[in-house]
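Colleague: The structure under discussion is supplied below as structure tokens; questions concerning it will follow.
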Amino acid sequence: MSSTPLTLRHPSKEIQGTVQLTGSKSESNRALIIQALSGGTVKVENLSAAADTVIMNKALALANTSSVTSGTVTVDIGPAGTAMRFLTSYLSLVEGNFILTGTERMQQRPIGILVDALKTLGANIDYEKESGFPPLIIKGGMAQGKQKVRIKGNVSSQYLSSLLLIAASLKQGLVLEIEGELTSRPYVTMTLDMLQEAGISHTWTDNTIEIAPQQFKPTTIYVEPDWSAASYWYAMVALSEKGEIVLPGLKAHSLQGDIALVDIMSHFGVASSFQADGLHIAKVNEGSDKVLFDFKACPDLAQTIVAMAAAIRRDISITGVETLKIKETDRLAALKNEIEKFGATVLADGEIYHVKTNDVYTPKQVTFDTYEDHRMAMAFAPLALVFGEVTINDPVVVEKSYPDFWKHLQQQGFIVKQ
């Protein structure tokens, strides 16, 4: 797909059918690191088709052949933030010399906290340009010095997961002390649960996680479909005049924190039912008047919920979203910019953000920018169910996590034109 804008409309305003989502990007990227560290003992099925996962797979293949090459190997992960965090730790273990880099935006995203933690353990990492930011110069084959490291819990949980993924492969193992409140706890739990599935045990007492040196056991990790991708279908059902969608493979007991959708969307009149053929979601009359929603455990859902609430003129308040400022873009600023195009706004009150919809109107046509951020594109596309026409700039960004998004919209009655 080109980056030519797409214009969307939905004549019937009704959606019904089955949508097969790709595997979870979050689970897939963890599974690939586990598979690489296991030397192939661990197999992976239902891997995500997302661009981020494709990038991770290629980067690991390149890194794992670097030991037979001379000189420095450049690993360019483009805009893939998870790959940047996970590979920073992984490459520290692999024999070889690496430059780990990415897009211009990636080079603006901080990584110093993770680098400092790895250097405490014995990693050899320098900065090629600005201190605290990629590109990174990594000399692999680290000789572990210390076993214990402290890291703040209120920054990206990917820093913690990156360290935990390599812990069992360290000669002394790892004692990870989490300083302060832990943000996005479900993602850390996901990492530990997937490691457990592959034979790596841990203890978690208060704010300390300990993993001893261990061998991976032969196993196959099956990657569940992506709950983050499901969020856009929840929004479409909520915004439709009549809607029911089946999402095969999603489980009631999921490793993914974004299963919080089931509760969140019940307050917007979308009912969830786990059946033999998958998750059924349907528009119902019952909702609630709940105002405050906490996204600390599921920050990737915030854009979808804010865009949807603004479009239906429902004032809400959100919290637990401070990490959105260091994502693909400053997502809080981007959200404010885009919902203001149809009369809504976001007012900050400390760490609580109030979505105000008094002046919202229904435009016949509105164009949304995406800020090189896949979630901005997919959060605002469902608004074509309530507005006349919605144009999405740079629609190719969805390939980062959900390559079939536009095709799936067409299958559900959206008219999609370049």
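Colleague: Under unit Cβ charges (Lys, Arg +1; Asp, Glu -1), what dipole magnitude, rounded to 20 debye, does segment 243-333 have relative to its Cα centre? Please list the in-between numbers first.
Modeller: Details: 9 positive and 12 negative charges, 24 e Å.
Using only the charged Cβ atoms, the result is roughly 120 debye.
Colleague: What is the dipole size for the chain, taken about its Cα centre, with +1 at each Lys and Arg Cβ and -1 at each Asp and Glu Cβ, in debye to the nearest 20? Please report the intermediate quantities before stating the final value.
Modeller: Working: 37 positive and 45 negative charges, 83 e Å.
Value, rounded to 20: 400 debye.
Colleague: Using a 7 Å offset from Cα along Cα-Cβ at residue 214, what residues in segment 15-58 end up with backbone N under 19 Å from the label point?
Modeller: 30-44
Colleague: In nm, to one decimal, how far is the modelled label at residue 185 from the one at residue 41, with both set 7 Å along Cα→Cβ?
Modeller: Using points 7 Å along Cα→Cβ, the separation is 3.1 nm.
Colleague: Quick one: what are the phi-derived ³J(HN,Hα) couplings along segment 348-361, Karplus 6.51/-1.76/1.60 with θ = phi - 60°, whole Hz, x for glycine and proline?
Modeller: My calculation for segment 348-361 gives 8, 9, x, 9, 10, 10, 9, 8, 10, 10, 4, 9, 5, 10 Hz in order.
Colleague: Follow-up. Using packing as a proxy for protection, rank 46-55, 359-368, 99-108, 263-272 so that the peptide with the highest average count of other Cβ atoms within 10 Å comes first.
Modeller: 46-55, 263-272, 99-108, 359-368
Colleague: Please give the peptides 377-386, 285-294 ranked by average Cβ packing (other Cβ atoms within 10 Å per residue), highest first, as a rough proxy for protection. Show your work: numbers first, answer last.
Modeller: Values: 377-386: 26.5, 285-294: 11.9.
Output ranking for 377-386, 285-294: 377-386, 285-294.
Colleague: Okay, helix-only estimate at 222 nm for the chain: each DSSP H run of n ≥ 4 adds -39500 (n - 2.57), divide by all residues, round to 500 deg cm²/dmol; what do you get?
Modeller: On the way: 12 runs with 126 residues, N = 418.
The helix contribution divided over the chain gives -9000 deg cm²/dmol.
Colleague: Using the alpha-carbon centroid of each, what span in Å lies between segment 204-222 and segment 277-319?
Modeller: Comparing the Cα centres of segment 204-222 and segment 277-319, I get a distance of 34 Å.
Colleague: Here is a follow-up. Excluding residue 201 itself, what net charge comes from residues whose Cβ is under 12 Å from its Cβ, given Lys and Arg +1 and Asp and Glu -1? Before the final figure, lay out each step's value.
Modeller: Working: positive: 217; negative: 193, 197, 210.
Net of charged neighbours comes to -2.
Colleague: Could you give the length gained by full extension between residue 143 and residue 65, i.e. 0.36 nm per residue of separation minus their alpha carbon distance, to one decimal place?
Modeller: 26.0 nm
Colleague: Residue by residue through segment 172-182, which ³J(HN,Hα) values in whole Hz follow from phi under the Karplus form 6.51 cos²θ - 1.76 cosθ + 1.60 (θ = phi - 60°), with glycine and proline marked x?
Modeller: In residue order, the calculated couplings are 9, x, 8, 10, 10, 9, 8, 8, x, 6, 8 Hz.
Colleague: Which net charge results for the neighbourhood of residue 143, defined as the other residues with beta-carbon distances under 15 angstrom from its beta-carbon, given Lys and Arg at +1 and Asp and Glu at -1?
Modeller: Working: positive: 119, 139, 146, 171; negative: 95.
In short, +3.
Colleague: So if we plug the beta-carbon distance of residue 172 and residue 367 into 1/(1 + (r/R0)^6) with R0 = 60 Å, what FRET efficiency do we get, rounded to 0.05? Numbers along the way, then the final one.
Modeller: Working: r = 55 Å, r/R0 = 0.91.
The computed FRET efficiency comes out at 0.65.
Colleague: Of 229, 59, 303, which is farthest along the charge dipole of the chain in the positive direction, counting Lys and Arg as +1 and Asp and Glu as -1 at C-beta?
Modeller: About the Cα centre, the residue reaching furthest to the positive side is 59.
Colleague: Can you order the peptides 72-82, 171-181 by their average number of other Cβ atoms within 10 Å per residue, highest first?
Modeller: 72-82, 171-181
Colleague: Note down the nm distance, to one decimal, between modelled labels 7 Å out along Cα→Cβ at residue 410 and at residue 3.
Modeller: Result: 2.2 nm between the two label points.
Colleague: Spin-label point model (7 Å from Cα, Cβ direction): what's the residue 128 to residue 116 distance in nm?
Modeller: Computed distance between label sites residue 128 and residue 116 equals 2.4 nm.
Colleague: If you don't mind, another one. With 10 angstrom as the radius, rank 85, 314 by how many other C-beta atoms surround their C-beta, starting from the fewest. Don't skip to the answer; put the middle values down first.
Modeller: Numbers: 85 24, 314 18.
In order of increasing Cβ crowding within 10 Å: 314, 85.
Colleague: So what is the relative contact order for segment 25-222, in percent, with contacts set as C-alpha pairs under 8 Å and at least six apart?
Modeller: Details: 396 pairs, mean separation 41.4, N = 198.
So the answer I get is 21 percent.
Colleague: Can I ask one more? Pull up all non-local amide H partners of residue 278: gap of 5 or more, or a different chain, and H-to-H distance under 5 Å with H placed in the peptide plane.
Modeller: Placed amide hydrogens put 249 under 5 Å from residue 278.
Colleague: Let me ask you something else. Quick one: what are the phi-derived ³J(HN,Hα) couplings along segment 208-221, Karplus 6.51/-1.76/1.60 with θ = phi - 60°, whole Hz, x for glycine and proline?
Modeller: 10, 10, 10, 10, 7, x, 8, 9, 6, 9, x, 7, 10, 8
Colleague: With equal scatterers on the alpha carbons only and no solvent term, can you work out the Debye log10 of I(q)/I(0) for the chain at 0.13 1/Å?
Modeller: Rounded to two decimals, the profile gives -1.12.
Colleague: How high is the relative contact order of the chain, in percent, counting Cα pairs under 8 Å that sit 6 or more residues apart?
Modeller: On the way: 923 pairs, mean separation 84.5, N = 418.
Normalised by residue count, the contact order of the chain is 20 percent.
Colleague: Work out, step by step, the length gained on full extension between residue 294 and residue 72: first 0.36 nm times the residue separation, then minus their alpha carbon distance; give nm to one decimal. Working shown, then result.
Modeller: Details: separation 222, 0.36 × 222 = 79.92 nm, distance 4.43 nm.
Length gained, residue 294 through residue 72: 75.5 nm.
Colleague: Test of understanding: what is the full-extension gain from residue 222 to residue 312, defined as 0.36 nm times their sequence separation minus their Cα-Cα distance?
Modeller: Details: separation 90, 0.36 × 90 = 32.40 nm, distance 3.74 nm.
Answer, rounded to one decimal: 28.7 nm.
Values quoted throughout were computed directly from the atomic coordinates according to the rules given, and no laboratory measurement underlies them. Note that the structure is a prediction, hence the values are computed from the model and not measured. Counting neighbours? That spans all protein chains shown, and the Cβs are built from the backbone with ideal geometry, glycine included.
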